[in-house]
Every structure is written in structure tokens, then in C-alpha cells.
Amino acid sequence: QVQLVESGGGVVQPGGSLRLSCATSGFSFSTHGMHWVRQAPGKGLEWMAFRPNHESAEYYAYADSVKGRFTASTDSSKNTLYLQMNSLTTEDTAVYYCARDRYGGNSGGLDIWGQGTMVTVSS
Amino acid sequence: QSALTQPASVSGSPGQSITISCTGTSSDVGAFKYVSWYQHPPGKVPKLIIYEVNNRPSGVSNRFSGSKSGNTASLTISGLQAEDEADYYCTSYTRRSTLVFGGGTKVTVL
């Protein structure tokens, strides 16, 4: 059974950091690209970051709103995707989803989604 | 990267057909075949319903169809059903190797 399970969400103060995890199972983690997408309360979906099937960091991609603050990474031995979030602001409050791309590259066809983890940035 | 433009809401009666537009630019929608559509019911996880402009994943109803002309992509839902009530989002790959979502469209079945 293909499954994505996010964890690591919580409440953090402005300026703080948080690391989200996305544990995957049921498919070849190294074959597919992986994405992070978020949804702020009352807002639409917003794409955050992409990790291609090969792990060369130069091919990772980020939205302008988080570039330089958020970093995606992986632990292939654990089939897990991470999102390190630094310098958080209240604007980063959202449900964060990880999602699998149908392909190894960034096709935008996100066919499997996790349940999401809530991040609240508040003092 | 600006969000793709979608109408805020679209409604229709059961059995009718509705179309949701998704307007981008020559740097995203107009440049690539990588346009996807997602159905996001309240309280649930987004579901891929169209990929690469007009392809349906296995298990998705053939009442959903996609198309593209120039910088605008469209999602058509035919034979509208109560279960189709949800928010719908388009995405496109961009020349900057990123993805961009549309602002979302709330579909209401009257």
C-alpha cells in the first residue's frame, strides 16, 4: 500500500525553526520526485518545494516565498523526505502536505498525498 | 511566481456540465504539457484528477476532462453530481523549473 505520513508539525514562535518529516512506504522512493505543498487557513494550495528522483541538490526547486529559508532533503535509507523550515513567520502557518510526483522529474502530477501536518507560527 | 488565475466559484445543477478555466502565461501553462488538476473536498486530502493537460489517472471518472488552448487550461465536469462539490485547483510546471498552483475554484452543486 502506497503511503505518505507527515510528522513534525506543531507550534513555534516567529523566527524559530521546525523540521517536518514525510515517511514513505509501498513504492520505490528513489524513482519518484517528491513535493511539499501547504495550505494556510482559509487559503488555497501553495507549492513549496520539489526533490527530484536523483538526489543532486542543484535540481531541487523552491517557491520564491521560502527560498533561502526552507530546505528539502532526504534519507534514502529510511525512505523519508524532510523539510527544514527556518526563520518562520506567521505567514508560514499552514497545513503542510508531502506528495509524490508521478514521475522522477517535476511533472506536477502529484498522485499520492499525505494527510498533512499542521504548523502554527505564533508568539 | 504569480498564481494561475481561476474563477473563485462555479455552480451548476445535477446533470449539467461546468467548465473551470485556469489562465497562466507563456512561461507556464502556455509553455508546457505539464498542467494538472486536483479535487480537494473539505477536510480531505487533494486528489489528482487530470495530469498532462488531458490524462486521467486510473480510477478517476471519465466525467472529468481537461484541455488547453494557448495560456489557458480548462477542466470540464460533465453530468455534475453532488459528490463533485469541492475546491478544484490547477497547477503548471514553469520555465523556472517550479510549480505554480491556481487560486482554486469552489464548485457548488445546486
* Structure fact -> Among A:Thr74, A:Thr90, A:Thr24, the residue with the largest mean-square fluctuation in a Gaussian network model of chain A built from Cα contacts under 10 Å is A:Thr90
* Evaluate the charge dipole of the protein assembly as shown about its Cα centre and quote only its size in Debye, nearest 20, assuming +1 on the Cβ of each Lys and Arg and -1 on the Cβ of each Asp and Glu. => 180 debye
* In debye to the nearest 20, how big a dipole does the range B:1-87 give about its Cα centre with +1 on each Lys and Arg Cβ and -1 on each Asp and Glu Cβ? -> 180 debye
* Structure fact -> Averaged over residues of A:73-81, the number of beta carbons from other chains lying within 10 Å of each residue's Cβ is 0
* To do: Would you mind checking the radius of gyration and Dmax of the range B:11-58 based on alpha-carbon positions, in Å?
  => 13.1, 37
* Asked: What average count of beta carbons from other chains do you get within 10 Å of the Cβ of residues in A:59-65?
  -> 3
* Structure fact -> Per residue, the convex hull enclosing the alpha carbons of chain A has a volume in Å³ of 93 Å³
* Structure fact -> Surpassing 26 Å at the alpha-carbon level, of the pairs A:Lys43/A:Lys67; A:Lys67/B:Lys44; A:Lys67/B:Lys106; B:Lys44/B:Lys106, are A:Lys67/B:Lys44; A:Lys67/B:Lys106
* Relative to the Cα centre, what is the charge dipole magnitude of chain A, using +1 at the beta carbon of each Lys and Arg, -1 at the beta carbon of each Asp and Glu, and rounding to the nearest 20 debye? -> 100 debye
* Relative contact order for the range A:1-90, counting Cα pairs under 8 Å that sit 6 or more residues apart, in percent -> 32 percent
* Please state the relative contact order of chain B as a whole percent: Cα pairs under 8 Å, 6+ residues apart? -> 38 percent
* Inter-chain shielding of A:109-116 (mean C-beta neighbours from other protein chains, 10 Å cut-off) -> 5
* **Karplus (6.51, -1.76, 1.60) ³J(HN,Hα), θ = phi - 60°, over the range B:99-108, in Hz, Gly and Pro reported as x** => 10, 9, 8, x, x, x, 10, 8, 9, 10
* **Normalised alpha carbon radius of gyration of the protein assembly as shown [divisor 2.2 N^0.38 Å]** => 0.98
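Every number here is computed from the coordinates shown, using simple stated rules; none is lab data. As the structure is a computational prediction, the values presented were derived from the model and not from experiment. Neighbour counts run over all protein chains shown; Cβ positions are idealised from the backbone, glycine included.
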